[in-house]
Amino acid sequence: MTEAAPRFREAGPADVSAVVALVESAYRGESSRAGWTTEADLLDGRRTDEEGVAAIVADPDAVLLLAERPAGGPADARLLGCCELRRTGDAAYFGTFAVRPVLQGGGIGASLLARADAEAVRRWGSAALEMTVIAQRADLIAWYERRGFTATGQRRPFPHGDERFGVPKRDDLEFLVLRRATGGPPGAA
């Protein structure tokens, strides 16, 4: 990335609309094709909504991290990326991960992932990050594997019929569970 490194902060209620727009632009519709994380060939419909993002922001066991341009300007223009962390036992769930499509491949995602890892350790002493990825997304799974995630062998069903998560274009979609150790406390696995 040729700009200054992003600054990170926790999202609040005023950020919900901008986060929904970012996530939608990174995964759904024609705008998502400007990046490489698009799911437009697999799913139609929405990826998230204001109610879902607001629930993350309000949850005391979760945090929605934002990566922003350090300079001023409108909030939606400053927002570069986001991710959710949620305490789940010894691990932190990592999700709602999105980077502006035209900026993908520039290091923002890797920086945000590193910050999420450190934040999960700082907040909860998490020994690992755990996430789900649509199993048919080999390119995205490979990106996570290059960053230390490995498949756990667990698979979870895609919520077919629940349009809050999208409208599948194929009926074989399912989630693969990935996990990686954090830079957590000494002795953490």
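The values are calculated or read from the model by the stated rules, or taken from the named source; none is laboratory data. This one's a predicted model, so the numbers in the text were calculated from it and none came from an experiment. Neighbour counts are summed over all protein chains in view; Cβ atoms, including those assigned to glycine, are modelled from backbone coordinates with ideal geometry. Ligands, DNA and RNA are stripped out before the accessible areas are found, and what is left, the full protein with its side chains, is counted by its heavy atoms. Shrake-Rupley method; radii C 1.70, N 1.55, O 1.52, S 1.80 Å.
Would you point out the residue of segment 88-100, among those that are in contact with a helix residue (DSSP H, G or I) (Cβ under 8 Å, 6 or more places away or on another chain) and open to solvent by 10 Å² or more (accessible area, probe 1.4 Å), that is farthest from Leu178 (Cα to Cα)?
Checking each candidate, the answer is Arg100.
How many residues are in contact with a strand residue (DSSP E or B) (Cβ under 7 Å, 6 or more places away or on another chain) and assigned to a helix (DSSP H, G or I) if we restrict to segment 9-24?
Selection size over segment 9-24: 5.
When the residues of segment 8-32 are narrowed to those that are more than 17 Å from the chain's Cα centre (by Cα) and exposed (fewer than 14 other Cβ atoms within 10 Å of the Cβ), which ends up farthest from Leu112 (Cα to Cα)? Lay out the reasoning, then the answer.
If we filter segment 8-32 for residues that are more than 17 Å from the chain's Cα centre (by Cα), which is where we start, we get 13-14, 29-31.
Pick out the ones that are also exposed (fewer than 14 other Cβ atoms within 10 Å of the Cβ) and you get 13-14, 30.
On the way: Pro13: 20, Ala14: 20, Glu30: 24 Å.
Restricting to residues being more than 17 Å from the chain's Cα centre (by Cα) and exposed (fewer than 14 other Cβ atoms within 10 Å of the Cβ), the top hit is Glu30.
Is it the case that segment 79-86 has a residue that's open to solvent by 40 Å² or more (accessible area, probe 1.4 Å), under 12 Å from the mean Cα position of the chain (by Cα) and within 18 Å of Ala18 (Cα to Cα)?
no
So Leu112 passes all but one of these: (1) outside any strand (DSSP E or B); (2) in contact (Cβ under 8 Å) with a residue 40 or more places away in the chain; (3) over 23 Å from Gly166 (Cβ atoms). Which condition number does it fail?
With (1) outside any strand (DSSP E or B); (2) in contact (Cβ under 8 Å) with a residue 40 or more places away in the chain; (3) over 23 Å from Gly166 (Cβ atoms) applied to Leu112, the lone miss is (3).
Within segment 48-57, take every residue that is out of contact with any Asp or Glu (no Cβ under 6 Å at 6 or more places or on another chain) and touching a residue at least 40 places away in the same chain (Cβ under 8 Å) and give me the one that is surrounded by the fewest Cβ atoms within 10 Å (Cβ to Cβ). Write out each step before concluding.
Residues of segment 48-57 that are out of contact with any Asp or Glu (no Cβ under 6 Å at 6 or more places or on another chain), as a first pass: 48-55, 57.
Imposing the further condition that a residue be touching a residue at least 40 places away in the same chain (Cβ under 8 Å) reduces the set to 48-49, 52-54, 57.
Values: Thr48: 22, Asp49: 15, Gly52: 18, Val53: 24, Ala54: 18, Val57: 18.
Filtering first and then ranking leaves Asp49.
Yes or no: Ala151 within 18 Å of Ala5 (Cβ to Cβ), aliphatic (A, V, I, L, M) and open to solvent by 30 Å² or more (accessible area, probe 1.4 Å)? Let's see the steps before the verdict.
On the way: within 18 Å of Ala5 (Cβ to Cβ): no; aliphatic (A, V, I, L, M): yes; open to solvent by 30 Å² or more (accessible area, probe 1.4 Å): yes.
Answer is no for this residue.
Each row is one residue, and each column tells you yes or no for (1) part of a helix (DSSP H, G or I); (2) more than 19 Å from Thr132 (Cβ to Cβ); (3) modelled with pLDDT of 95 or more.
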residue	(1), (2), (3)
Ala26	yes, no, no
Arg33	yes, yes, no
Thr38	no, no, no
Arg47	no, no, no
Ala54	yes, yes, yes
Val63	no, no, yes
Pro70	no, yes, no
Gly81	no, no, yes
